[in-house]
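The values are calculated or read from the model by the stated rules, or taken from the named source; none is laboratory data. All figures in this text were calculated on a predicted structure; none of them were measured in a lab. Note that each Cβ is placed from the backbone with ideal geometry, even for glycine, and that neighbours are counted across all protein chains shown.
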Amino acid sequence: MTILEFFEVSTKYVYGQPTLRKVSFRVTSGRMAAFYGPGADGQTEALRAVAGLVDVTAGAIRLNDADITSVTPALRPVRLIFQNQVHDVHQTVEAALGSVSGDADRLLEAVRLQDKIGVPVGELAAADRFMLHVARCLAAKPDVLLLEDSLALFSRDVQAELVKRMHRLNRLTACLLVYATSDRALLARLSAHTVVFANGTRLTAQ
């Protein structure tokens, strides 16, 4: 089981105000987690703090009882998927995943791409390219996979299908999946352990 904890975490100041101020929570694998805020209320900042992409000015971030607050981003057992991904469109699906994983077959089946192993990535539907990117990240066996509102560009119908695939992945891996969003309807579909942010700086609910 993966355990991610924030202990009174504050982050860098923007326009004279802290983006996060004394935020504390605990989430564990076994169920997807979501960081939610109705606007730019701190959920993305919290996600990037886990990845080490923003400066933590106070408090601590712990992963499986280890303090990772000052650990270099590249050395953290964490992967982050930004809202827009870059793909090598000339590789086949098999080559794209096989180059990073000795367990490619299982991952391809999990993301429902097992029948497209010989297809060039550039010929995949956008939803399939997204799931291939997720599988590539999981192939590195991170403790935490962070997703930065990565489904926002898809239609509601496609979102529903991708959420199903993500829940399937979540059941098959010990990795903690954390999704940041400001979309209340998508949040309901995720059916995740939710950490709610409000007013840009303050954690208001868990």
Tally, over segment 97-114, of residues that are assigned to a helix (DSSP H, G or I) and either modelled with pLDDT of 85 or more or of a type in the set (A, V, I, L, M) (or both): 5
Which one of L153, L132 is out of contact with any Cys (no Cβ under 7 Å at 6 or more places or on another chain) and surrounded by fewer than 19 Cβ atoms within 10 Å (Cβ to Cβ)? L153
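Look at R21 and say whether it is closer than 30 Å to K164 by Cα and basic (K, R). Write out each step before concluding.
Working: closer than 30 Å to K164 by Cα: no; basic (K, R): yes.
Criteria not met by R21.
Among the residues of segment 134-151, is any hydrophobic (A, V, I, L, M, F, W, C) and in contact with a Gly (Cβ under 9 Å, 6 or more places away or on another chain)?
Checked segment 134-151: at least one residue is hydrophobic (A, V, I, L, M, F, W, C) and in contact with a Gly (Cβ under 9 Å, 6 or more places away or on another chain).
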Quick check on segment 135-150. Is at least one of its residues of a type outside the set (D, E, K, R), surrounded by fewer than 19 Cβ atoms within 10 Å (Cβ to Cβ), out of contact with any strand residue (DSSP E or B) (no Cβ under 8 Å at 6 or more places or on another chain) and in a helix (DSSP H, G or I)? no
Tell me the residue from T19, T72, T57 that is within 23 Å of L187 (Cβ to Cβ) and either in contact with a helix residue (DSSP H, G or I) (Cβ under 9 Å, 6 or more places away or on another chain) or modelled with pLDDT of 90 or more (or both), please. T19
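Rundown of residues vs (1) under 14 Å from D143 (Cβ atoms); (2) touching a His at 6+ places or on another chain (Cβ under 6 Å); (3) basic (K, R), yes/no style:
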site	(1), (2), (3)
K22	no, no, yes
T28	yes, no, no
F35	no, no, no
G39	no, no, no
T44	no, no, no
A51	yes, no, no
A66	yes, no, no
Show the residue pairs meeting these rules: Cβ distance below 7 Å; 6+ apart or different chains; first residue within segment 21-32 and over 18 Å from A192 (Cα atoms) and among the basic types (K, R); second residue part of a strand (DSSP E or B) and at pLDDT 90 or above. R21/S10; K22/E8; K22/S10; K22/G59
I'm trying to understand the selection: among the residues of segment 36-55, which are of a type in the set (G, A, S), part of a helix (DSSP H, G or I) and surrounded by fewer than 24 Cβ atoms within 10 Å (Cβ to Cβ)? A51
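A126 - would you say it is out of contact with any strand residue (DSSP E or B) (no Cβ under 8 Å at 6 or more places or on another chain), over 16 Å from I81 (Cβ atoms) and surrounded by fewer than 20 Cβ atoms within 10 Å (Cβ to Cβ)?
Details: out of contact with any strand residue (DSSP E or B) (no Cβ under 8 Å at 6 or more places or on another chain): yes; over 16 Å from I81 (Cβ atoms): no; surrounded by fewer than 20 Cβ atoms within 10 Å (Cβ to Cβ): yes.
No; evaluated as a whole, the condition is false for this residue.
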Could you check V158 against (1) touching a helix residue (DSSP H, G or I) at 6+ places or on another chain (Cβ under 6 Å); (2) buried (at least 16 other Cβ atoms within 10 Å of the Cβ) and say which number it fails? (2)
Just to be sure I understand, how many residues within segment 7-58 are in contact with a Ser or Thr (Cβ under 7 Å, 6 or more places away or on another chain) and of a type in the set (F, W, Y)? 2
